[in-house]
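These notes concern the structure reproduced below.
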Amino acid sequence: MSAIITVSNLTKTYASGFTALNDINLEIRRGEIFALLGPNGAGKTTLISTICGLAMATKGTVTIGGHDNVRNYRAAREMIGLVPQELHTDAWETPTATAAFSRGLFGKPKNTPLIEKILKDLALWDKRKSQIITLSGGMKRRVMIAKALAHEPQILFLDEPTAGVDVELRKSMWEVVRELRASGVTIILTTHYIEEAEEMADRVGVINKGEIVLVEDKATLMRKLGRKQLTLHFNEPVTTLPASLGIYQLELSEDRKELTYTYDTKGERTGITTLLNDLRAAGLNFNDLNTTQSSLEDIFVNLVHRA
Ligand SMILES: Nc1ncnc2c1ncn2[C@@H]1O[C@H](COP(=O)(O)OP(=O)(O)OP(=O)(O)O)[C@@H](O)[C@H]1O
């Protein structure tokens, strides 16, 4: 897949002297959903702002659809819709007027049917004539998306799209984002909700202390770094663990009725068969077992911790 955004050797040092981005290299592929994860203060918003041309890079370049975002700012910016973290819309305006006005700002001709379609897709149709101040937080966030989409951008940045949004609404937002991707829009989102990245992203980038720690296909990432755990349940407490089982580094639960074995899914051998044989040989008979796989959250915490 071709790159729609190319970030090369990007460094951003704020006037305070603080370097928020340090030599970032990143490609966003056309048509993908890219989730940018990172702890508070990692540089996510700074990266988005610099890509969108709202903050000036100290070093390096950004090209958007082949346009340099400084030398060819207008063409680059026109390709982008940005939904910032903070909600700021004109409280007294209506969703319809806000979206239509935003389209005008990009010099695009009036297109009432398009604005209507966007409002319908975002389930804002009933509220199209209401003043924004009367809408709920979730609705206001969708108005921000409508506004960002009004000039038909090919790329949509969503900075923390579902912060403070309840579970049900979050799910409907995910649906909206998927539909947008299906219509050909490339989506870059930042999030603190790892399940959001896990649910939606095609690729995941992790940023920590201004540096990209990892970029990977989500599925590959989960396979590569994913660890699985096998838990064996016993009817009776396991009083002593035979020395022969030492190699498995088993963990015994507090009530001594559960033994957990952690193994690497990428390893050639999981060691499960020999473990089960050795358990039997030691006279330990479990009555149930289950396996769990580490989530993106575990992987993320691990990565950031290591960095
Ligand atoms: N205008 C500024 N001047 C100086 N430092 C800044 C400025 N804006 C941000 N920073 C610093 O840059 C670092 C990265 O901030 P940024 O907002 O990009 O992080 P973030 O990953 O988006 O965090 P969060 O998840 O909390 O939104 C932080 O240490 C922040 O204090």
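The values are calculated or read from the model by the stated rules, or taken from the named source; none is laboratory data. What you see is a predicted model, and the numbers here were worked out from it, not measured in a lab. In this analysis, Cβ positions are derived from the backbone assuming ideal geometry, glycine residues included, and neighbour counts consider all displayed protein chains.
Evaluate the following for THR19: is it in the same structural domain as ALA182 (by TED's automatic domain parsing), of a type outside the set (Lys, Arg), at pLDDT below 95 and closer than 30 Å to LEU296 by Cβ?
no
Within the set of pairs 6 or more residues apart or between chains, which connect a residue that is surrounded by fewer than 16 Cβ atoms within 10 Å (Cβ to Cβ) inside region 270-289 to a residue that is among the small types (Gly, Ala, Ser) with Cβ atoms less than 7 Å apart?
So the pair list comes out as ALA282/SER244.
Could you tell me whether region 79-99 includes any residue that is surrounded by fewer than 14 Cβ atoms within 10 Å (Cβ to Cβ), within 16 Å of the ligand (Cβ to nearest atom), within 20 Å of TRP174 (Cα to Cα) and without any contact (Cβ under 8 Å) to a residue 60 or more places away in the chain?
yes
Kindly indicate whether any position in region 58-74 is surrounded by fewer than 19 Cβ atoms within 10 Å (Cβ to Cβ), part of a helix (DSSP H, G or I) and either on the phi > 0 side of the Ramachandran plot or free of Cβ contacts under 8 Å to residues at least 12 places away in the same chain (or both).
yes
Please work out if ILE133 is assigned by TED's automatic domain parsing to the domain that holds VAL185 and within 24 Å of the chain's Cα centre (by Cα).
Here the answer is no, as ILE133 does not meet what is asked.
Return the only residue of VAL165, VAL215, VAL206, VAL177 being touching a Lys or Arg at 6+ places or on another chain (Cβ under 7 Å) and touching a residue at least 60 places away in the same chain (Cβ under 8 Å).
VAL215
Quick check on my filter: what residues within region 1-53 are out of contact with any strand residue (DSSP E or B) (no Cβ under 9 Å at 6 or more places or on another chain) and more than 8 Å from the ligand (Cβ to nearest atom)?
GLY17
Would you point out the residue of region 8-19, among those that are closer than 14 Å to GLU211 by Cβ and in contact with a Gly (Cβ under 7 Å, 6 or more places away or on another chain), that is surrounded by the most Cβ atoms within 10 Å (Cβ to Cβ)?
By that ranking, first place goes to LEU10.
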